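The values are calculated or read from the model by the stated rules, or taken from the named source; none is laboratory data. Note that the structure is predicted; figures quoted are calculated from it, not measured. With ideal geometry, Cβ positions are generated from the backbone for all residues, glycine too; neighbour counts draw on all protein chains shown. We work out accessible area using only protein heavy atoms, side chains counted, and drop any ligands, DNA or RNA first. Shrake-Rupley method; radii C 1.70, N 1.55, O 1.52, S 1.80 Å.
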Amino acid sequence: MTGAIHLPGVSGSKPLAGWRVLVPRGGPWGDAVAASLRARGASPVIAPMINFAPTDDQPALEAALSKLAAGGFDWVTVTSATTVDVLSSYGAVIPDSTKVAAVGETTAAALVAAGYRADIVPSEENSARGLLEEWEAATDGAKPLRVLALRSAIAKQVLSIGLERIGHHVEAVVAYRTVGVPVAQKVVDDVRAGKVDAILVTSGSVAEQVHAQLGPVPERTLVAAIGPQTQRDAAKIGLRVDVVAVDRTAESLIDAVVQAATQTV
């Protein structure tokens, strides 16, 4: 815990009354999180800190998404909430015949918020390696499966190569390039002045941007990570994390902030 001194949250359904909470992502996920925060009495500060830039090979992506909509894949792997943003921006259709594997800690929640679904989320390690380790059990050993692996330009192809090695047909396609987004100067000033009570950290990329743009984060500001992998990523770059979500979901992340708020006097 930090040495923060906050006004006690209002008991009952508004435990975050008086709290300003920075939401580092926009889009459907950010809107859904902001709504949940408002329902608990908080004032969300939506300040997207990462975004996607178009892939360098848009024809390949468009062809893959057309094939996906036509039922050409048994599975599609989605490695981040940013991938979900790409799917939404293209109006991508995932037919009922195609199952969806969510890899990242925020990915399943982002898929649902955007109107998609997640059929598999690794239960142990939320990563490409974690999904690969659980793939056989999750798919009952069926093979060969036709898999569309959507990834960022900088991602290592751990999942694609691993699935090919165990006998599946994998089409790996770069969906986007990740770029940092400068936040408004007022957000920077408010954080540094201690006027933001909590910051949600939803991925390693977000942790990097929080550290680079807002650091050093004041001790009074609660830093909440969505899962242990994000906590580890933050630690590697020197970003302090005060609380970690139990279930690696957006709601669990907010619950962690609520618990901290109700314990802070």
Per the filter on the range 214-236, residues aliphatic (A, V, I, L, M) and within 18 Å of the chain's Cα centre (by Cα) are 223, 224, 225, 226, 234, 235
Restricted to the range 42-57 and to residues being exposed (fewer than 15 other Cβ atoms within 10 Å of the Cβ) and outside any strand (DSSP E or B), the residue modelled with the lowest pLDDT is 56
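Could you list all residues from the range 230-243 that are buried (at least 19 other Cβ atoms within 10 Å of the Cβ) and either in contact (Cβ under 8 Å) with a residue 60 or more places away in the chain or of a type in the set (Val, Ile, Thr) (or both)? Outline the logic, then answer.
Applying the first criterion (buried (at least 19 other Cβ atoms within 10 Å of the Cβ)) to the range 230-243 yields 230-231, 233-234, 239, 241-243.
Within the range 230-243, 230, 241, 242, 243 meet the criteria.
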Q.
Among the residues of the range 58-67, are any part of a loop (DSSP other than H, G, I, E, B) and either polar (S, T, N, Q) or within 30 Å of residue 210 (Cα to Cα) (or both)?
A. no
A careful count of residues in the range 127-157 that are closer than 17 Å to residue 175 by Cα, crowded, with 18+ Cβ neighbours inside 10 Å and of a type outside the set (Gly, Ala, Ser) gives 4
Picked from the range 19-29 (must be in contact with a helix residue (DSSP H, G or I) (Cβ under 6 Å, 6 or more places away or on another chain) and either hydroxyl-bearing (Ser, Thr, Tyr) or farther than 17 Å from residue 197 by Cβ (or both)), the residue surrounded by the most Cβ atoms within 10 Å (Cβ to Cβ) is 29
- Kindly establish whether residue 36 is part of a helix (DSSP H, G or I) and under 17 Å from the mean Cα position of the chain (by Cα). yes
In the range 145-168, anything among the acidic types (Asp, Glu) and not in a helix (DSSP H, G or I) is listed as none
Considering residues that are of a type in the set (A, V, I, L, M) and in a helix (DSSP H, G or I), the number found within the range 210-265 is 14
Residue 117 vs (1) in contact with a His (Cβ under 7 Å, 6 or more places away or on another chain); (2) open to solvent by 20 Å² or more (accessible area, probe 1.4 Å): all pass except (1)
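If you go through the range 61-76, how many residues are within 19 Å of residue 178 (Cα to Cα) and either without any contact (Cβ under 8 Å) to a residue 12 or more places away in the chain or surrounded by fewer than 13 Cβ atoms within 10 Å (Cβ to Cβ) (or both)? Please lay out each step first, then the result.
Going through the range 61-76, the residues within 19 Å of residue 178 (Cα to Cα) turn out to be 61-62.
Subsequent filtering for residues that are either without any contact (Cβ under 8 Å) to a residue 12 or more places away in the chain or surrounded by fewer than 13 Cβ atoms within 10 Å (Cβ to Cβ) (or both) retains none.
Selection size over the range 61-76: 0.
Do we find a residue being free of Cβ contacts under 8 Å to residues at least 60 places away in the same chain, surrounded by fewer than 21 Cβ atoms within 10 Å (Cβ to Cβ) and assigned to a loop (DSSP other than H, G, I, E, B) anywhere in the range 101-108? Explain how you work it out, then say what you get.
Within the range 101-108, the subset free of Cβ contacts under 8 Å to residues at least 60 places away in the same chain is 101-103, 107.
Subsequent filtering for residues that are surrounded by fewer than 21 Cβ atoms within 10 Å (Cβ to Cβ) retains none.
No, there is no match, as no residue in the range 101-108 is free of Cβ contacts under 8 Å to residues at least 60 places away in the same chain, surrounded by fewer than 21 Cβ atoms within 10 Å (Cβ to Cβ) and assigned to a loop (DSSP other than H, G, I, E, B).
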Every listed condition ((1) within 13 Å of the chain's Cα centre (by Cα); (2) closer than 24 Å to residue 17 by Cα) holds for residue 261 save (1)
Taking the range 30-40 and the residues there that are at pLDDT below 95 and open to solvent by 10 Å² or more (accessible area, probe 1.4 Å), the one that is nearest to residue 244 (Cα to Cα) would be 32
